[in-house]
1. Report the full-extension gain for the segment VAL67 to ASP44: residue separation times 0.36 nm, less the Cα-Cα distance, to one decimal in nm.
2. Assign unit charges at the C-beta atoms only (+1 for Lys and Arg, -1 for Asp and Glu), then state the dipole size of the chain relative to its Cα centre in Debye, rounded to the nearest 20.
3. Zone of GLN11 (label point 7 Å along Cα→Cβ, backbone N under 18 Å): which residues in the stretch 51-75?
4. Which residues does the label zone of GLU19 cover in the stretch 33-70, counting backbone N under 16 Å from a point 7 Å along Cα→Cβ?
5. Which loop GluC sites (Glu not before Pro) in the chain, with loop taken from DSSP, have no more than 12 other Cβ atoms within 10 angstrom of their Cβ?
6. Mind jotting down the three principal axis lengths of the chain based on Cα atoms? Whole angstrom, largest first.
Amino acid sequence: MNQKSKDARSQLKRATRREFERLVYEAMLTPMQDHIIRLHIVKDVPVPIIAMRMALSETTVRNNLAVIYDKVAKV
């Protein structure tokens, strides 16, 4: 993970609820990306559990997280 993505992840993790909502909104995430990031950051659900719940592979979840962090980094 590159530094911008790490910074975006950190920003999401320490954001207040209002800041989190603004970041997610401004990043223009797809509905699936929105669901993944809320499970992962807000509810602290690990990637394997998200994959099972959403009937996706772990790789797909990880790839979506990478895209999400890239989008948030551009906000």
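Bear in mind that the values in this text are calculations on the coordinates, not laboratory data. Here the structure is a predicted model, which is why all the values come from computation and not from measurement. No Cβ is skipped: glycine too gets one built from the backbone with ideal geometry, and neighbour counts run over all protein chains shown.
1. Details: separation 23, 0.36 × 23 = 8.28 nm, distance 1.84 nm.
That pair, VAL67 and ASP44, stretches by 6.4 nm at full extension.
2. Here the size comes out at about 180 debye.
3. Residues 65-75 qualify, since their backbone N sits under 18 Å from the label point.
4. Counting only backbone N, you get 41-42.
5. Values: sites: GLU19, GLU21, GLU26, GLU58; in loops: none.
Sites meeting the loop and neighbour criteria: none at all.
6. Extents along the principal axes: 29, 25, 20 Å.
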